[in-house]
1. Based on what the data block shows, is residue 13 of a type in the set (Lys, Arg) and in the same structural domain as residue 119 (by TED's automatic domain parsing)?
2. Scan the stretch 152-188 for residues that are closer than 14 Å to residue 102 by Cα and either in contact with a Phe, Trp or Tyr (Cβ under 7 Å, 6 or more places away or on another chain) or in a strand (DSSP E or B) (or both) and jot them down.
3. For the stretch 62-85, state whether one or more residues are acidic (Asp, Glu), closer than 26 Å to residue 198 by Cα and either surrounded by 20 or more Cβ atoms within 10 Å (Cβ to Cβ) or more than 14 Å from the chain's Cα centre (by Cα) (or both).
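The values are calculated or read from the model by the stated rules, or taken from the named source; none is laboratory data. Since the model is a prediction, treat every value here as computed from it, not as a measurement. Using ideal geometry, Cβ is built from the backbone for each residue, glycine included, and neighbour counts are taken over all protein chains shown.
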Amino acid sequence: MHRLIEGYRMFRRTYFERHRGMFGLLAQGQAPKTMVISCCDSRVDPGLIFNTQPGEVFTLRNIANLVPPFSPDNHYHGTSAAIEFAVRTLEVEHVIVLGHARCGGVRALMGSHEGEFIGPWMNIAEAARQFVMATASDQSPEIQQRLCEHETLKISLANLRSFPWIRQRTLSGVLSLHGWYFDIEQGELQELDEVSGEFRSLL
């Protein structure tokens, strides 16, 4: 905790003091053009990766950057609620699903599905695990893991399109969906080509 408190003090003395005007404007409301759906993983910070300023990106973080399918009911839907707010209220123009290498959620999906909450949550991407087992069962665990991370990202994009108001906006051209993948060790950002299904470096 001491490290966090000292970090806050540094923030107040430096960044906040230099950007008081910006924070004054942000206090009036937000108008980001982009939403990023990324993993909770402490090693993958969208603000750091994209070098963004406060108010620039609306960020949703959950286990394995998953998007559940459109399923309105009386249960709790934190991820879907955040997506609805970003798209229908803030009217963002881009939604990026940001996957990453060495994802612990995907590792759980490929393994034991343990946990009262993690297992059921990762079942959203069960089709990704089945695809890997059907097409790459003879590959190393590392290759299987990365392939499953890629397929999980594709499932999230497909599930985004199951939301009728997202589908309507993408068809009308006012909203674009993107699949990006971050390699932690190499610092490389890759983009999904949805036609070929391949990931290519954004550099």
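1. On the way: of a type in the set (Lys, Arg): yes; in the same structural domain as residue 119 (by TED's automatic domain parsing): no.
So residue 13 does not fit the description; no.
2. Going through the stretch 152-188, the residues closer than 14 Å to residue 102 by Cα turn out to be 152-153, 181-188.
Within the stretch 152-188, 153, 181, 182, 183, 188 qualify.
3. no
For (1) β-branched (Val, Ile, Thr); (2) touching a Lys or Arg at 6+ places or on another chain (Cβ under 8 Å); (3) on the phi > 0 side of the Ramachandran plot; (4) not assigned by TED's automatic domain parsing to the domain that holds residue 38, each residue gets a yes or a no:
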residue	(1), (2), (3), (4)
139	no, no, no, no
152	yes, no, no, no
162	no, no, no, no
167	no, yes, no, no
170	yes, yes, no, no
173	no, no, yes, no
